[in-house]
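The values are calculated or read from the model by the stated rules, or taken from the named source; none is laboratory data. Small disclaimer: the values here were computed from a predicted structure and weren't measured. Cβ atoms come from the backbone with ideal geometry, glycine included; neighbour counts cover every protein chain shown. Remember, those area values only see protein heavy atoms, side chains included, never the ligands or the DNA or RNA. Shrake-Rupley method; radii C 1.70, N 1.55, O 1.52, S 1.80 Å.
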Amino acid sequence: FQYEDILFGPYYLKLADIGKNLKAIKQLKHRPDDIILVTYPKSGTHWMSNLLYMMTSDGPIDKKSTIEVPHLLLDIKQLENQKAQRIMHTHLKFDRLPTEHVENGGIIILTVRNPKDVAVSLHYYSTGSVGINSQLSWSAQLKYFMEGKVRFGSIFEYLRHWNHVIRTHNYPKILVVYYEELKKKPVDVVRHIQNFLGLKLNDERINDIIARCSLERLKRDSNDRHKRHEPLSAVVNKENKTVVYRKGVIGDWMNHFTVAQNIEFDELMKNKLSDTMFKFDYYPDNDAP
Ligand code: A3P
């Protein structure tokens with residue numbers, strides 16, 4: 001359903017009073033160490049959230065539990081009262097972020113992923129999740145994805161939006177992280193993020209954080225949490241297992257796109273993204289075409 005200019009999945013209605021929460025987000029009081037992680041869905045939100053959480057906390061990494069990082073839109077009440085440093089994630093655009101955060105040049109991390117793998121990831125998420133319960137075939141889902149008739153709208157418009165913000169707003173504290181780079185060079189990317197955040201983590205700790213946030217461990221922890229608590233119906237399948245952590249690779253699109261779909265998608269991307277800053281990597285190996 002559509003609320004003002006935002007497209008939501010129907011289950012959001014069950015989880016939050018959207019209008020009220022959008023207003024509360026705008027009014028959220030800023031703290032200098034707040035971090036807002038912005039992503040288009042299925043771009044690595046949970047992975048990056050947990051990396052940020054581990055990077056900003058003390059104590060032995062191995063003993064730390066991974067977490068469901070609070071959602072700006074759904075968990076705004078919790079965030080207002082949270083004592084610990086706040087890492088909050090959202091799929092909302094720049095103009096919907098907390099006013100004080102933006103006025104104070106608060107930290108924003110934008111994580112992006114190649115749109116072909118995002119399309120595939122979204123398909124499995126939507127058909128696997130009991131809350132969304134999509135019955136769409138891959139080709140129907142891809143068509144909607146290309147038209148932007150999916151939750152949070154078109155990925156192309158989303159990327160165009162952030163491209164515009166970054167190029168025109170001169171915002172002091174925004175970092176773009178590519179999922180594919182994180183996958184291929186995790187240590188370099190985590191080091192880069194730590195420099196951006198002004199942290200000083202030694203190499204051993206960085207390696208521990210990366211290992212603690214591997215797909216397998218995040219998946220296992222998430223399933224353990226679901227066993228203990230009543231989960232959000234959008235994030236689990238019929239067996240009460242996570243639908244968020246799936247394959248975690250670059251290039252799964254090659255197992256799904258037909259040649260014709262790929263040509264059409266490439267054409268659309270050329271039209272929509274070639275004049276933006278975003279250049280994506282579509283292949284698991286560096287020497288791919
Ligand atoms: P796939 O469905 O392609 O496997 P989000 O958190 O934004 O919903 O993104 C989910 C996607 O990120 C899923 O992609 C998921 O498997 C992937 N992901 C999550 N944790 C990951 C990790 N540690 N390493 C690589 N990919 C990860």
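Which lysines have a Cα less than 30 Å from the Cα of K227, not counting those fewer than 8 places away in the same chain?
The qualifying lysines are K14, K42, K63, K64, K77, K83, K183, K219, K238, K241, K247.
Please give the per residue accessible area of region 137-289, computed with a probe of 1.4 Å over protein heavy atoms only, in Å². It would help to have the intermediate numbers written out before the result.
On the way: 8550 Å² over 153 residues.
Averaged over the residues of region 137-289, the accessible area is 56 Å².
Can you list the HN-Hα couplings for region 273-278, worked out from phi with the Karplus curve (6.51, -1.76, 1.60; θ = phi - 60°), rounded to whole Hz and with x for Gly and Pro?
Along region 273-278, the couplings run 10, 5, 9, 9, 6, 7 Hz.
With n ≥ 4 as the cut-off for DSSP H runs, can you work out [θ] at 222 nm for the chain, using -39500 (n - 2.57) per run divided by the number of residues, rounded to the nearest 500? List each step's numbers first, then the result.
Details: 13 runs with 131 residues, N = 289.
For the chain, the value works out to -13500 deg cm²/dmol.
Just to check, using Stokes-Einstein with a Kirkwood Rh over alpha carbon pairs, what's the diffusion coefficient of the chain at 4 °C and 1.567 mPa s in µm²/s? Display every interim value, and only then the final one.
Details: Rh = 19.7 Å.
After rounding, the answer is 66 µm²/s.
How large is the accessible surface of R191 in square angstrom, using a 1.4 angstrom probe and rounding to the nearest 10?
90
Take the alpha carbon atoms of region 11-167, find their radius of gyration, then divide it by 2.2 N^0.38 Å using N residues; give the quotient. Could you put the intermediate results ahead of the total?
Values: Rg = 16.3 Å, N = 157, 2.2 N^0.38 = 15.0 Å.
Computed over Cα atoms of region 11-167, the ratio equals 1.09.
Averaging the inverse of every distinct alpha carbon separation and then flipping it gives the Kirkwood radius. What is it for region 73-159, in angstrom units? Could the numbers behind the result be given before it?
On the way: mean 1/r = 0.0654 Å⁻¹.
15.3 Å is the Kirkwood radius here.
Which far-off residues, 5 or more places away or on another chain, put their amide H under 5 Å from the one on G106, with H placed in the peptide plane?
For G106, whose amide H was placed from the backbone, there are no distant partners under 5 Å.
May I ask you to compute the full-extension gain from F1 to Y144, defined as 0.36 nm times their residue separation minus their alpha-carbon distance, rounded to one decimal in nm?
50.1 nm
Working from the alpha-carbon coordinates of region 56-112, get Rg over Rh, Rh being the Kirkwood radius.
Working: Rg = 13.0 Å, Rh = 13.2 Å.
Taking Rg over the Kirkwood Rh, I get 0.99.
Determine ³J(HN,Hα), in whole Hz, for all residues of region 200-211 in sequence, where each value follows from phi through the Karplus function 6.51 cos²θ - 1.76 cosθ + 1.60 and θ = phi - 60°; x replaces Gly and Pro.
After applying 6.51 cos²θ - 1.76 cosθ + 1.60, I find 10, 10, 7, 4, 5, 5, 4, 5, 5, 5, 4, 5 Hz.
Compute the relative contact order of the chain as a whole-number percentage, counting only Cα pairs closer than 8 Å that sit 6 or more residues apart in sequence. Numbers along the way, then the final one.
On the way: 370 pairs, mean separation 69.3, N = 289.
Taking the mean separation of contacting Cα pairs over the length of the chain, I get 24 percent.
Give me the extension gain from D58 to R228: residue separation times 0.36 nm, minus the current Cα-Cα distance, reported in nm with one decimal.
On the way: separation 170, 0.36 × 170 = 61.20 nm, distance 2.54 nm.
Here the segment from D58 to R228 would lengthen by 58.7 nm.
Using the eigenvalues of the Cα gyration tensor, what equivalent ellipsoid semi-axes result for region 153-211 when each is taken as the square root of five times the eigenvalue, whole Å, largest first? Please report the intermediate quantities before stating the final value.
Details: eigenvalues 149, 47, 10 Å².
Largest first, region 153-211 gives 27, 15, 7 Å.
List the GluC sites (Glu not before Pro) within region 178-272 that fall in a DSSP loop (any state other than H, G, I, E or B) and whose Cβ has at most 14 other Cβ atoms within 10 Å. The partial results should precede the final answer.
Working: sites: E180, E181, E204, E216, E239, E264, E267; in loops: E239.
Sparse-neighbourhood loop GluC sites (Glu not before Pro): E239.
Taking every pair of alpha-carbon atoms in region 136-249, what share in percent sits in each 5 Å bin, from 0 to the bin with the longest distance?
Reading the bins upward from 0: 2, 9, 12, 13, 16, 18, 17, 9, 3, 0.
Mind checking the full-extension length gain between V176 and N202? Use 0.36 nm per residue of separation minus the Cα-Cα distance, one decimal, nm. Provide the component values of the computation, followed by the final result.
Values: separation 26, 0.36 × 26 = 9.36 nm, distance 2.25 nm.
My answer for the length gained is 7.1 nm.
List the residues whose amide H sits under 5 Å from the amide H of V176, counting only those 5 or more places along or on another chain, with H placed 1.01 Å from N in the peptide plane.
L110
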